[in-house]
1. Between (i) 1.12; (ii) 1.00; (iii) 1.06, which entry matches Cα Rg over 2.2 N^0.38 Å as derived from the coordinates of this structure?
2. Quote to one decimal, in nm, the extra length available between W63 and L24 on full extension: 0.36 nm per residue of separation minus the C-alpha distance between them.
3. I need the peptides 63-72, 33-42 ranked by packing, meaning the mean over residues of other C-beta atoms within 10 angstrom, with the highest value on top.
4. Modelling each spin label as a point 7 Å along the Cα-to-Cβ direction, I'd like the F55/F33 distance in nm, to one decimal.
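Every number in this text was worked out from the coordinates using simple rules, so none of it is lab data. Every value quoted in this text rests on a predicted model; they were computed, and no experiment measured them. Cβ atoms come from the backbone with ideal geometry, glycine included; neighbour counts cover every protein chain shown.
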Amino acid sequence: PGLAAYVLWHVAGGLLLPGASLLLRPDFLFSAFLLGLACALMRYRTGSLWPPVVFHALVVWAWQAFLGGIAPADLL
């Protein structure tokens, strides 16, 4: 249930935020699923929320900085 909610949260962002249609693409949603799965497994293995939070932040930063991801300013 948590992983499905994580992916659906990105769908909601794609529907509600102007300029965020990228969030509705199947390849993006599959990537979000994989990142969510990795974070869930990290949470399970470490017992802490902080490693997956840091991992998620680093992945999003790398995506935005080097891979053409959506910058927060582009969502306004």
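1. Computed from the coordinates, Cα Rg over 2.2 N^0.38 Å corresponds to (i).
2. Stretched out fully, the W63 to L24 stretch lengthens by 12.4 nm.
3. Order by mean packing, descending: 33-42, 63-72.
4. My value for the distance between the label points is 1.8 nm.
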